[in-house]
1. Take region 186-215 and flag every residue that is buried (at least 22 other Cβ atoms within 10 Å of the Cβ), under 22 Å from residue 264 (Cβ atoms) and aliphatic (A, V, I, L, M).
2. So which residues in region 110-130 are touching a Phe, Trp or Tyr at 6+ places or on another chain (Cβ under 9 Å) and open to solvent by 50 Å² or more (accessible area, probe 1.4 Å), if there are any at all?
3. Working only within region 14-73, note down all residues that are among the small types (Gly, Ala, Ser), outside any helix (DSSP H, G or I) and open to solvent by 70 Å² or more (accessible area, probe 1.4 Å).
4. Pairs please, first residue from region 211-235 and on the phi > 0 side of the Ramachandran plot, second anywhere and surrounded by 22 or more Cβ atoms within 10 Å (Cβ to Cβ) and at pLDDT 80 or above, Cβ atoms under 6 Å, 6+ apart in sequence or on different chains.
5. Please name all residue pairs, on different chains or six or more residues apart, with Cβ atoms under 6 Å, provided the first residue is in region 313-338 and is surrounded by 13 or more Cβ atoms within 10 Å (Cβ to Cβ) and at pLDDT below 90 and the second residue is assigned to a helix (DSSP H, G or I) and not small (Gly, Ala, Ser).
6. Would you confirm, using the coordinates I've provided, whether residue 49 is out of contact with any Lys or Arg (no Cβ under 7 Å at 6 or more places or on another chain) and at pLDDT below 85?
7. So for region 154-169 (the condition being among the hydrophobic types (A, V, I, L, M, F, W, C), modelled with pLDDT under 85 and more than 18 Å from residue 93 (Cβ to Cβ)), does at least one residue qualify?
8. Only one of (1) within 23 Å of residue 155 (Cα to Cα); (2) at pLDDT below 90; (3) open to solvent by 30 Å² or more (accessible area, probe 1.4 Å) fails for residue 302. Which number is that?
Amino acid sequence: MNSNFIIFSGVKIIGAFSVLMLIVSYAVWVERKVSAAIQDRHGPNRVGIFGLLQPVADAIKAFLKEDFTPAHVRKAYFWLAPAIAMIPALLTMAIIPFGSNIRGQKMVIADLDVGILYTFGIVSLGVYGIVLAGYAANSKYPFLGGIRSSAQMISYEISMGLSVIPIFMLVGGLRLSQVIEYQTTTCWLIFKQPLAFGIFVAALFAETNRLPFDLPESEQELAGGYNVEYSSMKFAMFFMGEYAAMTVGSAMMVTLFLGGWTLPFGGLDQPAQTIGIGILQILIFLAKMLAVEFMIIWVRWMWPRFRYDQLMNLGWRTFIPLSLANIVLTAVILWLIR
């Protein structure tokens, strides 16, 4: 292993982490601005121009708040839960191809042969942070939030996993870079697999506990759910974990269905020959990812929350049968054309 590879890998890790944290910080600002516009309010506008320094003020406030641990909680789990909620999103970001090759170096931290299996294996760990928080709080509302989250994650993890199987039947591999290469030679997979895209989007909302599927938090019913007893940076880590998961989910959606770093025109579907083209491809990927993330934020403030029975019925009785039917239909079509 030569030194250039180690240096370049370190640069990719630091760069991806820095960009992810920057997006997470300003996703909160965008969400507050979008909600204010929908509700005819101003939103953050005091700290910096247009309130752009509000995330900095929020970070300072989180650090300076009292980090209070209630006496009745299970302390070891109580301290561990926020870290577990944050880590899966960071680990998943490692396999997202955010560009092609620049001077022989792939624009992905780890281009795994079983990339999608790694993704679902890591993403499924995120529920442990929420369940631990609900259990550790030793209180009724947090416990109900943790139980809701585990049931929700199980049902929608299945439908999300089933929804992407037709994609890899078409591509013929599990490597995420292969998915983007396939879309450069045919078309974006949202046009070939619209049903899979719809199921994946809905399951992503459930996986990230976003409205209309935010039953684990559900302020009107559970007063915040699993994070009721948390304060200071522990609460902030749950908040950051949710937005990091939303960002990584948006990146996965761009990779699987929206062509990754490619455009349907313009000749940017080949490995970059110059650093400038390579940076342009990365910017295209980020622009698509931010557009998807904006859509997720917009939906939160436009749709009402599902009832819990509606949530579970939609997952088990609608999405899973539709995903299985889509797999069978894709297999039949592939068999007929081959």
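1. 189, 196
2. Hit for region 110-130 is 112, nothing else.
3. The one that is among the small types (Gly, Ala, Ser), outside any helix (DSSP H, G or I) and open to solvent by 70 Å² or more (accessible area, probe 1.4 Å): 71.
4. Between residues of region 211-235 that are on the phi > 0 side of the Ramachandran plot and residues that are surrounded by 22 or more Cβ atoms within 10 Å (Cβ to Cβ) and at pLDDT 80 or above, the close pairs are 225/145.
5. Hits for this filter: 315/156.
6. Spelling it out, it is not the case that residue 49 is out of contact with any Lys or Arg (no Cβ under 7 Å at 6 or more places or on another chain) and at pLDDT below 85.
7. yes
8. Unmet for residue 302, out of (1) within 23 Å of residue 155 (Cα to Cα); (2) at pLDDT below 90; (3) open to solvent by 30 Å² or more (accessible area, probe 1.4 Å): (1).
The values are calculated or read from the model by the stated rules, or taken from the named source; none is laboratory data. A quick note: this is a predicted structure, and the numbers were derived from the prediction, not measured. As a convention, Cβ positions derive from the backbone with ideal geometry for all residues, glycine included, and neighbour counts pool all protein chains shown. Note: accessible area is taken over every heavy atom of the protein model, side chains too, but ligands, DNA and RNA are not part of it. Shrake-Rupley method; radii C 1.70, N 1.55, O 1.52, S 1.80 Å.
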